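**Student:** Here it is, the structure, as structure tokens.
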Amino acid sequence: MTTDIAPTDAGTAAGLPADLAIGSFTADAPWIVDPDTMPWRRTVDAVRWATARSVPELIRPRRFPSGTRVFVVGRRLGTGLALWAVRGRPKGGHESKADISRRIRIAAEHLGPTYIKLAQIISSGEGLFPEELVDECKKCRDQVPPEPFHIVRRTIEEDLGRHLEDVFASFERTPLASASIAQVHRARLHSGEPVVVKVQRSAVQSRVRADLRVMAWLAPFLVGRIPIAALANPPALVELFAETISEELDFRLEAQNMLDIARSFAMLDQRGYAVPRPHPELVTPRVLVMEELEGFAFYDVAGMRDAGVDTQAIVRTGMVGFMEGAMIHGIFHGDLHGGNLLVLHDGRVGLLDFGITGRMNEFKRRAFLRMLVGASMNDVRSQVEAFRDLGALPPDTDVDAMIRDLNLDGPPIDPTLLTQEEMLAEIQKAVKGLLAYGARLPKELMLFIKNMVFLDGAIASLAPDLDLFAEIATISMYFAETHGERIAQELGMEATDWQIDLSGVKGAFGVDPDSVDSMTYRDIQERRKIINERWEEGRARRSRRNRRRHRGGDGTEGG
């Protein structure tokens, strides 16, 4: 989806920038966005098509890997796995997973940008990947050492075809941030506008492609050999990662993502978000010049409240804006986290870094729509069919058999009432059942769940006393009232058939739908505390049993 609407004079008449008619931008425009006059947009569709076509070849199974990179990767990962097999694996359980997760994280840091990026994606995948692996990968979120300024200068001058000083009146040598793919610098144009300049790391494209080939070759050997695969088995994880990172390697695609998401917000009249304007001309595959946004860091709750910003409204903006774009237009920001968000002084949420964006074709968008509507109506069959159509299950999945075998329509299980062994048994049963049906995690669903996990954590900081069930009901009613007729038509149902039933939502939290009417984030934290305590008690019991067996099973060690 590319932005093909020209700005109008509607905004100008009210003293506002004309491009607010086509995008949810700031009211203080450094320049006016007119997509038809932006030369870098001419090849965007072709680049996106070619990028998508290149992924299968990059991850194609090979008998032998190409290049010498495999030896470096093999040595780093092989050493880590060998040490784990000798020292960590015999410990079993949590200690074994923690040991291998730590060794994988250390190997990623040594192997450079591609592997650090993979670790960063995993780090925000709580609930998708094992807790031990997520905790270790969070250590890769810290700033990556920046490239020397002379390399940054060379990249800019090669891509823009001009000397740095001819483009910028000033350019800060020390970056604002330095990540695995690129680093960001403040600068000022000769026309006076302050800007942010995103510059790709040198040689990162060739390194990423070489690393993807190595990952694709190694992944099948890791299936069933390390206890961190879950549903995101190694080959599937490599495929998902390749789809995600490939589009990040051309900043013209990111700039177009900015325009498309800004357009979606404007068409929905969702002005709670502000998207920075990409520069009309200064966008290339490796350089992206954009408007600078200023505001509060996303977790500066005290600063926001002192300034009179309604932090609960920010949570609602995050939920509605993110879900509305996905449901109605099939596009959403795919990497929500604190570093990619700031809160403007007027209370709007500023979105940053559009390298990872969820895009769904019409078939998948309707499946996604059916999934969320089904959840709001507690329609289990509709949700499973939607998962299938999103690519999470094989096309020939017997939906009724799956619901029956996995007891998906059964009463909720309250994890606070289970022992650690019972919780583990339930988890293993669910995972084995899903794997038996060929479940996998498609890109769009992974990005959606990642964002929901982030928003869940944001509630803890911004609105810990928010009644989650009431908020979900309010958001569901918003969609029913605002888009009900359109959604009903697209799903082949009558608008009056959409009846909100939060029983399934409550069941997902493990509570009795008939006896629990409200739940705040503080309540959830208390429940998680109980679950963690039970889990640690069970882990301690197993550890004591293992030590007794190791010492001969004489039972002399106290329990």
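The values are calculated or read from the model by the stated rules, or taken from the named source; none is laboratory data. Quick caveat, the model's predicted, so the values are computed rather than measured. Don't worry about glycine lacking a Cβ; one is built from the backbone with ideal geometry, like all the others, and counts go over all protein chains shown.
**Student:** Given the conditions (1) modelled with pLDDT of 90 or more; (2) closer than 17 Å to Leu222 by Cα, which single one is not true for Trp31?
**Tutor:** For Trp31, the failing item is (2).
**Student:** Filter the range 172-205 down to the residues that are touching a helix residue (DSSP H, G or I) at 6+ places or on another chain (Cβ under 6 Å) and free of Cβ contacts under 8 Å to residues at least 40 places away in the same chain and list them by number.
**Tutor:** If the condition is that a residue be touching a helix residue (DSSP H, G or I) at 6+ places or on another chain (Cβ under 6 Å) and free of Cβ contacts under 8 Å to residues at least 40 places away in the same chain, then Arg173 is the only one that fits.
**Student:** A further question on this structure: Give, as residue ranges, the helices (runs of 4 or more DSSP H) completely inside the range 130-199 that count at least 3 residues that are modelled with pLDDT of 95 or more.
**Tutor:** Numbers: elements: 131-137, 149-160, 164-167.
Qualifying helices (runs of 4 or more DSSP H): 149-160, 164-167.
Yes/no matrix, rows are residues, columns are (1) crowded, with 20+ Cβ neighbours inside 10 Å; (2) of a type in the set (Gly, Ala, Ser):
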{"position": "Gly80", "(1), (2)": "yes, yes"}
{"position": "Ile100", "(1), (2)": "yes, no"}
{"position": "Ala107", "(1), (2)": "no, yes"}
{"position": "Ile116", "(1), (2)": "yes, no"}
{"position": "Cys137", "(1), (2)": "yes, no"}
{"position": "Phe149", "(1), (2)": "no, no"}
{"position": "Thr155", "(1), (2)": "no, no"}
{"position": "Asp159", "(1), (2)": "no, no"}
{"position": "Glu165", "(1), (2)": "no, no"}
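**Student:** Looking at the range 468-475, is at least one residue in contact with a strand residue (DSSP E or B) (Cβ under 8 Å, 6 or more places away or on another chain) and at pLDDT below 80?
**Tutor:** Taking the range 468-475 first, the residues in contact with a strand residue (DSSP E or B) (Cβ under 8 Å, 6 or more places away or on another chain) are 468.
Pick out the ones that are also at pLDDT below 80 and you get 468.
There is at least one residue in the range 468-475 that is in contact with a strand residue (DSSP E or B) (Cβ under 8 Å, 6 or more places away or on another chain) and at pLDDT below 80.
**Student:** Taking Glu485 as meeting all but one of (1) free of Cβ contacts under 8 Å to residues at least 12 places away in the same chain; (2) assigned to a loop (DSSP other than H, G, I, E, B), write down the number of the exception.
**Tutor:** (2)
**Student:** Please determine whether any residue of the range 63-83 is touching a strand residue (DSSP E or B) at 6+ places or on another chain (Cβ under 7 Å) and either part of a helix (DSSP H, G or I) or not small (Gly, Ala, Ser) (or both).
**Tutor:** Keep residues of the range 63-83 that are touching a strand residue (DSSP E or B) at 6+ places or on another chain (Cβ under 7 Å), which gives none.
No, the range 63-83 has no match at all.
**Student:** If you go through the range 203-224, how many residues are small (Gly, Ala, Ser), in a helix (DSSP H, G or I) and at pLDDT below 85?
**Tutor:** Filtering the range 203-224 for residues small (Gly, Ala, Ser) gives 203, 206, 210, 216, 219, 224.
Applying the additional criterion that residues be in a helix (DSSP H, G or I) yields 206, 210, 216, 219.
So of that shortlist, the ones also at pLDDT below 85 come out as 219.
Qualifying residue count, the range 203-224: 1.
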